[in-house]
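> Take this structure first; my questions come after.
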Amino acid sequence: MTDGPLISPDQLAAELDDVTVLDVRYLMGGPPGREEHAAGHVPGAAYVDLDEDLADPPGAGGRHPLPDEQRFEAAMQRVGVRADRPVVVYDDWQGRAAARAWWLLRHHGHDDVRVLDGGWTAWQDDGHPVEVGETSVDPGDFTVSADKQMAVVGADDVLDVDVLIDARAGDRFRGETEPVDPVAGHIPGAVNVPTTENLDERGRFRSADELYATYARVGATSSGSVAAYCGSGVTAAHDVLALAAAGVDSALYPGSWSGWITDPARPVETG
């Protein structure tokens, strides 16, 4: 087991022969990152498509519902994930897509998963080797566990959470703008901690003490229930990851705002 959910580029370089690395490069609304992976990646890293492997099709569960368990299991086996081998995930979105993969693997029973702090940019900036072309890996043996390791809240109980965190940018939280979903605003009672607040000026996660202070300011500590949501359930995992790095357990509302607003009877708050 690891001491925390993050790993530095130098640490990964030292452990590279002993871990399974997954490249989850993704751009919301843009093309998949497969071409970027082929152009250069962490040596040995297999590519994971967020839309295809880490989410179900859009619907009542939002824009990125949690993936069907059997399909997720098959995808992780295809990219070489093993139950007895640590996994490191990275992206080029400051950890937002990688956090989704981290959360899903942890949720479905893998005990040792970390996110590369700073992602692809940090790996290159720190001078580590780059591999090009397609990656061939041996199939893994990862199986989805019936015992879920990460907490989830649904639409029926999300309003009962003591501290509900909205991970979107402040203008979307307040309902001043909504570039993606058909309704603007936030879930009543939520507090706003944008994912940008988890990061320093280099795009790497702030220290555990800094992260704890950031979330304590909105009341998110170990003294009550905490959950996070975002637009579609992807970037909220970034806040869950930051809270984990700070030593605070939290749940994910997978449907998030895009799922919440599929029922017009659910209340909406602005400001």
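> Sort out which residues of the range 183-226 are within 22 Å of Val115 (Cα to Cα), part of a strand (DSSP E or B) and among the β-branched types (Val, Ile, Thr), and write them in order of number.
Val226
> On to the next question. Condition check: in contact with a strand residue (DSSP E or B) (Cβ under 8 Å, 6 or more places away or on another chain), at pLDDT 95 or above and surrounded by fewer than 20 Cβ atoms within 10 Å (Cβ to Cβ). Does Val161 satisfy that? Show your work before the answer.
Working: in contact with a strand residue (DSSP E or B) (Cβ under 8 Å, 6 or more places away or on another chain): yes; at pLDDT 95 or above: yes; surrounded by fewer than 20 Cβ atoms within 10 Å (Cβ to Cβ): no.
In short, no.
> If you don't mind, there's one more thing I want to ask. Can you tell me which residue is surrounded by the fewest Cβ atoms within 10 Å (Cβ to Cβ) among those in the range 207-225 that are touching a residue at least 12 places away in the same chain (Cβ under 8 Å) and closer than 24 Å to Asp91 by Cβ?
Selected residue: Ala208.
> Within the range 180-194, how many residues are buried (at least 18 other Cβ atoms within 10 Å of the Cβ) and either without any contact (Cβ under 8 Å) to a residue 40 or more places away in the chain or under 9 Å from Leu164 (Cα atoms) (or both)?
3
> Output yes when any residue across the range 91-111 is in contact (Cβ under 8 Å) with a residue 60 or more places away in the chain and assigned to a strand (DSSP E or B), and no when none is.
Taking every residue of the range 91-111 in turn, none turns out to be in contact (Cβ under 8 Å) with a residue 60 or more places away in the chain and assigned to a strand (DSSP E or B).
> Here's something else I'd like to know. Can you tell me how many residues in the range 189-216 are in contact with a helix residue (DSSP H, G or I) (Cβ under 7 Å, 6 or more places away or on another chain) and not polar (S, T, N, Q)?
The number of residues fulfilling the criteria is 11.
> For the list (1) under 30 Å from Gln124 (Cα atoms); (2) at pLDDT below 95, I need the number of the one condition that Ser207 fails.
Condition (2) is where Ser207 drops out.
> Next question. Would you confirm whether or not the range 239-255 contains a residue that is charged (D, E, K, R) and touching a strand residue (DSSP E or B) at 6+ places or on another chain (Cβ under 9 Å)?
Step one: list which residues in the range 239-255 are charged (D, E, K, R), which gives 239, 249.
Add one more test, that the residue is touching a strand residue (DSSP E or B) at 6+ places or on another chain (Cβ under 9 Å), and what stays is 239, 249.
Scanning the range 239-255 turns up at least one residue that is charged (D, E, K, R) and touching a strand residue (DSSP E or B) at 6+ places or on another chain (Cβ under 9 Å).
> Return the residues of the range 14-27 that are surrounded by 16 or more Cβ atoms within 10 Å (Cβ to Cβ) and out of contact with any strand residue (DSSP E or B) (no Cβ under 6 Å at 6 or more places or on another chain); say none if nothing qualifies.
Leu16, Arg25, Tyr26
> Looking at the range 171-182, is at least one residue in a loop (DSSP other than H, G, I, E, B) and under 23 Å from Ala242 (Cα atoms)? Don't jump to the end; show me each part of the working.
At the first step, the residues of the range 171-182 found to be in a loop (DSSP other than H, G, I, E, B) are 174-182.
With the extra rule that they be under 23 Å from Ala242 (Cα atoms), the set shrinks to 174.
The answer is yes, given that some residue of the range 171-182 is in a loop (DSSP other than H, G, I, E, B) and under 23 Å from Ala242 (Cα atoms).
> Taking the condition under 18 Å from Val234 (Cβ atoms) and either part of a helix (DSSP H, G or I) or basic (Lys, Arg) (or both), does Ala74 pass?
The answer is no for Ala74.
> Still on this structure: Kindly list the number of the only condition in (1) under 23 Å from Ala55 (Cβ atoms); (2) not assigned by TED's automatic domain parsing to the domain that holds Leu241 that fails for Val132.
Of the numbered conditions (1) under 23 Å from Ala55 (Cβ atoms); (2) not assigned by TED's automatic domain parsing to the domain that holds Leu241, the odd one out for Val132 is (1).
> Please find, within the range 49-76, the residue that is surrounded by the fewest Cβ atoms within 10 Å (Cβ to Cβ) out of those that are of a type in the set (A, V, I, L, M, F, W, C) and free of Cβ contacts under 8 Å to residues at least 40 places away in the same chain.
Ala74
> Can you name the number of the only condition in (1) part of a loop (DSSP other than H, G, I, E, B); (2) buried (at least 20 other Cβ atoms within 10 Å of the Cβ); (3) not polar (S, T, N, Q) that Trp123 fails?
Among (1) part of a loop (DSSP other than H, G, I, E, B); (2) buried (at least 20 other Cβ atoms within 10 Å of the Cβ); (3) not polar (S, T, N, Q), Trp123 violates only (1).
> I need every pair where a residue in the range 259-270 that is in a loop (DSSP other than H, G, I, E, B) has its Cβ under 6 Å from the Cβ of a residue that is not basic (Lys, Arg), sequence separation at least 6 or different chains.
Ile261/Val183; Thr262/Ala60; Arg266/Trp260; Pro267/Pro188; Val268/Gly185; Thr270/Gly175; Thr270/Gly185
> Can you confirm whether Pro43 is farther than 14 Å from Tyr90 by Cα and in a loop (DSSP other than H, G, I, E, B)?
Here the answer is no, as Pro43 does not meet what is asked.
> If we keep just the residues of the range 146-178 that are small (Gly, Ala, Ser) and out of contact with any Cys (no Cβ under 7 Å at 6 or more places or on another chain), which is nearest to Gly259 (Cα to Cα)?
So, considering only residues that are small (Gly, Ala, Ser) and out of contact with any Cys (no Cβ under 7 Å at 6 or more places or on another chain), the one nearest to Gly259 (Cα to Cα) is Ala155.
> Within the range 54-65, which residues are part of a loop (DSSP other than H, G, I, E, B) and over 21 Å from Gly140 (Cα atoms)?
As a first pass, look at the range 54-65 and keep what is part of a loop (DSSP other than H, G, I, E, B): 54-58, 60-61, 63-65.
Residues satisfying the conditions are Asp56, Pro57, Pro58, Ala60, Gly61, Arg63, His64, Pro65.
The values are calculated or read from the model by the stated rules, or taken from the named source; none is laboratory data. As the structure is a prediction and not an experimental result, all values here were calculated from the model. Note that each Cβ is placed from the backbone with ideal geometry, even for glycine, and that neighbours are counted across all protein chains shown.
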